[in-house]
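Have a look at the structure below before the remarks.
The values are calculated or read from the model by the stated rules, or taken from the named source; none is laboratory data. All values derive from a computational prediction rather than experimental measurement. Note that each Cβ is placed from the backbone with ideal geometry, even for glycine, and that neighbours are counted across all protein chains shown.
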Amino acid sequence: MAKTSDIPFGAQFSPNQIDLPALLDIIHQYAGNRDQLTDAILETFFEDHAADDYNRFKLADNVILSMRDYGLLDEQGAQPTVLAGELLHLSHQDESGMYERFAQHILLERKGHIVCETLNIMRQAGEDITLNSLSRRLDDRGLHVPRGTVHISSMRLWLAKAGIFDEKATRPPQIYEVNEERLRAITGIGTEDIDHLVDLSSDQRAFLRALAHIPDPDPLIGSHVAELAHNLYSIQFDFKSLPKKIYDPLEALGYIRQEKTTKGRGAKSFEIFRTARFYEQISEPILDLVIEKTGLVPKTLYEKPFAEIISDLSSDDTYVKGVALELLTIYLSRILDLKFKAWRKRSQETGGAEVDVIVEGSRLIFSRWQIQAKNTKTAVRLEDIAKEVGLALTFLYSNVVFIITTSRFTTDAHRYSDHVMRTSNLNIILFDKSDIRKIAENPLDIVHILNQKAENAMLVKARASYDNTPDDITS
């Protein structure tokens, strides 16, 4: 069954509708028997509800489905999880601690931190925040939440029980104001710290993950940690460049300290010490959240003016240039009302050279766009186009291949693109530095430019006859 929401189902599961300590008692008392569990929830929370018997049963069943989505029940919706047992114990000893632990779980393992960050983005941009506008913004970032559902409201209410939101607030915008101090206290890490981890490359994050799994005391041989990360996560390291590519950036963020010793040679001569900051902030849930965020549209898109994005494409800093390339592709997609779906490559992994994005549209007909942005001084060649066409036809099943370059396209690349469009249903859009200059002056010109390219494509695809006989086959 297709996933309908990227945050937990929340129908009938909020502190306004159920009492969590009582619910935890119930799911442990009737563990393993879903029918008895449903009946007990109905009798405890919905016995006096105005609905008929069938709909009261549905209300109770919704609670079970929600608990399953929130990680309190197993996939069968009958057996309490380890988390549920932990919360049950806390409910008898420290109820406020129970709500904090549940909030920590929601923030780090149920995408609550991303919801809070998106609310902050909207507030800083001066946007009106409603359930619908928040759902749209999450969708823009690649996190789907059905509009008109209670999922976000239920999550906010649980987080409010731990002080992430004001429990006494009753209407926007106050109900959506995030208490950053409480968020940091509960998760051990703030929004800015998460952003630093998101900005790391995959090999740097793998190195941190490996460090978090090593029980041995410091110091550790850096190359041995890299070997473990390679074996665990299939990351390819350049062992000669470990100090520059791995140790230095992580030391700059305060997660490790490195010392060069006389033991061994080359990369093996570095010993690694984990810092207090590492132990406070680096954990499996935090790193899982970071990986989740690297798959979303970065929040920098909403903070940086388009003129700065264009300017940064010429930066000497490969990281700055790479981020600008990401932001350009997503910015243009948003103008065209295309929904972000996935990255194939991100700037962190390519040194700022190229970014691949998949976006989709549903106006009039469904379309899938495969966008590659290349920031190189050399012209884009036929081989570059052919690679994207091959992926479109055999793997991604795209309707449109949209290639953006800060340089130009060779004559052969243009000819090949025309040939593909003439002989297949695929549309290829080539967008070069002259087009970028036009949209730098007026971003809305993107529509005019693409209309012109569509007219050219129609001419390329035009047939002399539309009967059942291909033009190039003679009797």
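Points to keep in mind about this one:
- In segment 9-71, counting only helices (runs of 4 or more DSSP H) that sit wholly within it, the ones holding 3 or more residues that are within 23 Å of Arg156 (Cβ to Cβ) and modelled with pLDDT of 95 or more span 20-29, 53-69.
- Residue, nearest to Lys58 (Cα to Cα), within segment 7-17, restricted to residues that are surrounded by 19 or more Cβ atoms within 10 Å (Cβ to Cβ) and either of a type in the set (A, V, I, L, M, F, W, C) or touching a Leu at 6+ places or on another chain (Cβ under 7 Å) (or both): Gln12
- The residue of segment 32-72 that is nearest to Arg110 (Cα to Cα), among those that are among the hydroxyl-bearing types (Ser, Thr, Tyr) and touching a helix residue (DSSP H, G or I) at 6+ places or on another chain (Cβ under 8 Å), is Tyr70.
- Sole exception among (1) part of a strand (DSSP E or B); (2) of a type in the set (Val, Ile, Thr); (3) touching an Asp or Glu at 6+ places or on another chain (Cβ under 9 Å) for Thr376, by number: (1)
- Test for Arg265: is it at pLDDT 95 or above, surrounded by fewer than 19 Cβ atoms within 10 Å (Cβ to Cβ) and within 29 Å of Ser241 (Cα to Cα): no
- Odd one out for Thr170 among (1) loosely packed, with under 14 Cβ neighbours inside 10 Å; (2) within 21 Å of the chain's Cα centre (by Cα): (2)
- Output for segment 138-167, where each listed residue is of a type in the set (Lys, Arg) and surrounded by 21 or more Cβ atoms within 10 Å (Cβ to Cβ): Arg141, Arg156
- Segment 164-178 residues that are assigned by TED's automatic domain parsing to the domain that holds Ser154, paired with ones that are in a loop (DSSP other than H, G, I, E, B) and surrounded by 16 or more Cβ atoms within 10 Å (Cβ to Cβ) (beta carbon under 6 Å, 6 or more apart): Ile164/Asn179; Pro172/Ile129; Pro173/Ile129; Tyr176/Ile129
- Among the criteria (1) buried (at least 16 other Cβ atoms within 10 Å of the Cβ); (2) under 27 Å from Asp139 (Cα atoms), the one Phe366 does not fulfil is (1).
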